[in-house]
Amino acid sequence: MRKLLFTLAALTAGIAANAQGLPTSPEPGKCYVRCTTPDIYENVTEQIQVAPGYKTLKVVPATYKTVTEDVLVKEASKKYRIIPATYKTETVSYTRKSGGNVLSVIPASFGSDSQTIEIKPAYALWELGAPAPDCASSNPDDCRYWCYKGYPAEFTTVSLQTLVNDASTTSEPIPSATATYKKQVIATPARVEETEIPAVYKTITKTVLDRDAYTTSNDIAPKYRTISKEILKTKGGLTTWREVDCKLVEYSALPINWNLGSATLTSAAKSLIDNRLLPVLANNAGAKMEIASHTDSRGSSTSNQSLSERRAQSVVNYLISKNVNPSRLVANGYGERRLKNRCKDGVSCTEREHAANRRTEFRLIQ
């Protein structure tokens, strides 16, 4: 935004002041600037959850052990001398391996979402309009009006991750395994002299479940992101006219030695800004300042325009970092549009002549 600075003549300035809200008692040859109480903003931080907490599961398989067992394969009997006993064979079933379960993990699934956050509130400023086309006065500052122009709030959208389904498990049973063995039993006992026939045993091996499958879980903490946003703490407005040094309303050189093609401030440039610009802003509370940057005509006009804008904005950003209210600063890049000499495209010039066009300047504005 711009600040208009006026050099007023005695009588005519007084009449114009009453018509346009200018200083009521100006002195000839002096310059005045309308100083405003700036909007005061405060930076606050807010934490938002960008990823939910969840758990992961790990399957521990079932364990088995092998055991042995003596089983009867032939019963004890008696033997008769005259009519010996007869036998028959039977099949006996047993569980060779116990059943169990196999667990499978279904991982957690996620979705996406977003959250819109206001990072800069809406605001409004007084701006000076163009002169009326039918103005009868030859003074360009007559017939102009003030507009209270509003600017919308600024927002940013943050991507979020949401939990759709948490991790779970599915179970698949493992059937048990069976086997058989055969044994002989008495079909017909001896009917006469008997002789004891001892039982016969067999040692078998089988696998049994020692510990069934189970899961262990691990909790994953939610993730948060800290968002910085600017809020309006105190609303500013127009205040009074202030007399300023007339040299400050004209462009003054800010002799920054920029590196070729760079818009990065060196430590020497920052020291220069501290010593030249900060005192002017501090001594003219409420006044606005324009930072203007220019290039020579060499290179394309598009790249020169972009470079000048980035250099002017670098100075403004540094001043903001030194606690200067952003509403008091204007960054303008003019590229090669305001050459100070004849060295435009197609004209052969010395390095010294081109250097005169590469400059950064400042002035107080309305």
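Structure values in brief
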{"read-out": "Sites matching trypsin sites (Lys or Arg not before Pro) across region 291-366 that sit in DSSP coil, with at most 10 neighbouring C-beta atoms within 10 Å", "value": "Arg342"}
{"read-out": "Proximal charge balance of Tyr64 [Cβ under 15 Å; K/R count +1, D/E count -1]", "value": "+3"}
{"read-out": "By accessible area with a 1.4 Å probe, ligands and nucleic acids excluded, highest first: order of Trp258, Trp126", "value": "Trp126, Trp258"}
{"read-out": "Computed magnitude of the charge dipole of region 238-364 (debye, nearest 20; Cβ of K, R +1, Cβ of D, E -1)", "value": "40 debye"}
{"read-out": "Carbon + sulfur, % of accessible area of region 277-349 - ligands and nucleic acids excluded, 1.4 Å", "value": "47 percent"}
{"read-out": "Ratio Rg/Rh [Cα only; Rh per Kirkwood] for region 43-102", "value": "1.60"}
{"read-out": "Solvent exposure, largest accessible area first (probe 1.4 Å, DNA, RNA and ligands not counted), of Asp345, Asp134", "value": "Asp134, Asp345"}
{"read-out": "Cβ-defined net charge surrounding Val200, 10 Å radius [Lys, Arg +1; Asp, Glu -1]", "value": "+2"}
{"read-out": "11 Å reach of a label modelled at Leu72, 7 Å along Cα-to-Cβ, counting backbone N of region 165-192", "value": "184-186"}
{"read-out": "Residues whose placed amide H lies under 5 Å from that of Ile365, excluding near-sequence neighbours", "value": "Lys3, Lys288, Met289, Glu290"}
{"read-out": "Vicinal HN-Hα couplings computed from phi for region 156-171 (Karplus, 6.51 cos²θ - 1.76 cosθ + 1.60; Hz; Gly/Pro x)", "value": "9, 10, 10, 6, 10, 10, 10, 8, 8, 9, 6, 5, 8, 10, 10, 10"}
{"read-out": "Entries of Lys88/Lys182; Lys97/Lys202; Lys270/Lys322; Lys149/Lys247 with Cα pairs more than 21 Å apart", "value": "Lys149/Lys247"}
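The values are calculated or read from the model by the stated rules, or taken from the named source; none is laboratory data. None of these values were measured; they are calculated from a predicted model. All Cβ positions, glycine included, derive from the backbone under ideal geometry; neighbour counts span all protein chains shown. Accessible surface is based on the protein model in full, side chains and every heavy atom, while ligands, DNA and RNA are left aside. Shrake-Rupley method; radii C 1.70, N 1.55, O 1.52, S 1.80 Å.
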